[in-house]
1. Extending each Cα 7 Å along its Cβ direction at Q280 and R247, get the distance between those two points in nm, one decimal.
2. If I take every Cα pair under 8 Å that is 6 or more residues apart in the chain, average their sequence separation and divide by the length, what percent do I get for the relative contact order?
3. Counting other Cβ atoms within 10 Å, keep those with at most 13, restrict to DSSP loop, and tell me which trypsin sites (Lys or Arg not before Pro) in the stretch 121-215 are left.
4. If we count every other residue with Cβ under 13 angstrom of R4's Cβ, Lys/Arg +1 and Asp/Glu -1, where does the sum land?
5. Can you sort M1, M267, M61 from fewest to most other Cβ atoms within 10 Å of each residue's own Cβ?
6. Based on Cα positions only, what radius of gyration and what Dmax would you give for the stretch 1-148, in angstroms?
7. Please list, in order along the stretch 127-139, the HN-Hα scalar couplings obtained from phi with the Karplus expression 6.51 cos²θ - 1.76 cosθ + 1.60 (θ = phi - 60°), rounded to whole Hz, x for Gly and Pro.
8. Report, in degrees rounded to the nearest 10, the 0 to 90 angle that the Cα long axis of helix 216-245 makes with the longest principal axis of the chain.
Amino acid sequence: MRERLSGNEAAAIAMKQINPDVVAAFPITPSTEIPQYFSTFVSNGTVDTEFVAVESEHSAMSACIGAQAAGGRAMTATSANGLSLMWEMIYIASSLRLPIVMSLVNRAVSGPLNIHNDHSDAMGVRDSGWIQLFSENNQEAYDNLVMAHRIAEHKSVLLPLMVCQDGFITSHSIENIELIEDEKVKQFVGLYQPEHYLLNNKEPIAIGPLDLQSYLFEHKTQQAIAMQNAKKVILDVANDFEKMTGRKYGFFEEYKMEDAEIVIVCMNSTAGTAKFTADQLRSQGVKAGVLKVRVYRPFPAEEIANALKKAKAIAVLDKADSLNAAGGALFEDVTSGMFVSQVQVPTINYVYGIGGRDTTSKDLESVYQDLMEIVKTGEIGNPYRYLGVRGWK
């Protein structure tokens, strides 16, 4: 079914088709529309979900944890400061191995107050034990949500999962989108059948017990193993999704990478601008390519290193500043993966788009020009750079 929808509408429709047992949410820009749209499906009887209007985002995640622990399938949506208010419960959800699915509409975390897009919210919880899928456009946001429960609920994974999309850029922009028939989504997602849950009167269990020195390390290691297991599951689910829809997804997308000499690595909506810029340069005979990361946690370090090994110069774009004087999170992960895989390609980092600062094709063309200069001279200079910020040299 072909429709014209915003990213938020697409996310809400995916949730409608999944028909979870519980949705608990608190409004925050720019994710507010997702529970708002979904609440109409509840009120008109399209879904039989229990919608819980809570008093804060901390309560939203707490309610999802309670519902999932009881044996239900729970979903929520939030952005930026809302995710920050969930902080304590984000870690508890993953440590309890509860496969909650969240739509995270990426927005700058205050302060100062800013309601526009960057990735500081997702980067703040990147190592909390949640699987993270990023979405270039509305179609990917919808498709990732349809795949999410199959990944998170797999017996070898059992980890919560967040689907990220860029606030306003995709969440409020209307695009053409191919929807899957309701019945096909229902069959694809399947029923949630937990092995251990609170409402199972045949197996009394405790949730959230004290876990001191004797066991916590082992339990954290189990989470790490589950994250490693998620890599295979993500690809298996994507393969089944491709059979159903014809749309192919992997850990990342390689755009004109076959012979690329200069490459931009990025996530979410920036990939569209980068592809356009690469096309423009290709028409001038420049071998430009783009590697768009879709799966950020678990991070496909070896696979990305292998995809980049033939390049002559690489720029990794971070839409969040780690404030560590050593580059952004994506840059650190990419370069670490390259180092471990013994891939030696000159690589620089650009922090960009903070607080919704517009990033144009001219900006990205300047990045490619910098890469061409590195290829020509062999000199990297300062690897930690800012793109589009006034006064930086």
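1. 2.8 nm
2. 15 percent
3. On the way: sites: R126, R150, K155, K184, K186, K202; in loops: R126, K155, K202.
When the trypsin sites (Lys or Arg not before Pro) of the stretch 121-215 are filtered for loop state and at most 13 Cβ neighbours within 10 Å, K155, K202 remain.
4. On the way: positive: R2; negative: E3, E9, E175, E178.
Residues near R4 contribute -3 overall.
5. By the 10 Å Cβ count, ascending: M1, M267, M61.
6. Both quantities, over Cα of the stretch 1-148: 14.2, 42 Å.
7. Ordered by residue, 3J(HN,Hα) equals 10, 8, x, 9, 5, 10, 10, 10, 10, 5, 9, 4, 4 Hz.
8. 80 degrees
We did not get these values from a lab; they are worked out from the coordinates using the rules stated. Since we're looking at a predicted model, the values are computed, not measured. All Cβ positions, glycine included, derive from the backbone under ideal geometry; neighbour counts span all protein chains shown.
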